[in-house]
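The values are calculated or read from the model by the stated rules, or taken from the named source; none is laboratory data. Being a predicted model, the structure only gives us computed values, none of them experimental. Neighbour counts run over all protein chains shown; Cβ positions are idealised from the backbone, glycine included.
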Amino acid sequence: MSLNLGLTGANQFFQNVLYLSTVFSPTWVIKAGYFYPRFNLQTDISAGKYLNDDYTFHIDIGRHFGETSIGFYAYRSITGMIIISALMSLYFTSGKRSRRHHFRVLPPRYYNFDYVADTG
């Protein structure tokens, strides 16, 4: 279980002048999760308040197959917007990596793919 609290403001840099916001909007997210080890199934439920007083409910269900994860999540906003998405995270093996190089370009260890189906 976790709780995130925050204050969000706006800053703007325009014509070499930095304008700082004096109004801050409070945001919060509370999240609870459960892992069922028999099926490697992770379930997370969260609720929160974001900018412009947008209250949301989020459920995330995913299954882990070794280094690969497949799952779904649904997001419901108090304004009525519903988002349903499928996601997949793939692990790329890195092979041997020499430590002698001072600069090297490497592929990411994980690649996340997310498909969103919007109902609105």
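Annotation note: Cβ proximity below 9 Å between a residue of the range 6-30 that is closer than 20 Å to Y50 by Cβ and a residue that is loosely packed, with under 10 Cβ neighbours inside 10 Å and among the β-branched types (V, I, T) (sequence gap 6+ or interchain) occurs for G9/T22; G9/V23; A10/V23. Within the range 6-25, the set of residues being part of a strand (DSSP E or B) and either among the hydroxyl-bearing types (S, T, Y) or exposed (fewer than 10 other Cβ atoms within 10 Å of the Cβ) (or both) comprises L7, T8, N11, Q12, F13, F14, V17, L18, Y19, L20, S25. Looking at the range 46-115, the strands (runs of 3 or more DSSP E) lying wholly inside it that each contain 3 or more residues that are of a type in the set (G, A, S), at pLDDT below 90 and touching a Phe, Trp or Tyr at 6+ places or on another chain (Cβ under 7 Å) sit at 82-91.
Within the range 42-64, one or more residues are surrounded by 11 or more Cβ atoms within 10 Å (Cβ to Cβ), among the polar types (S, T, N, Q) and in contact (Cβ under 8 Å) with a residue 24 or more places away in the chain. Among the residues making up the range 26-41, those that are surrounded by 13 or more Cβ atoms within 10 Å (Cβ to Cβ) and under 13 Å from G66 (Cα atoms) are N40, L41.
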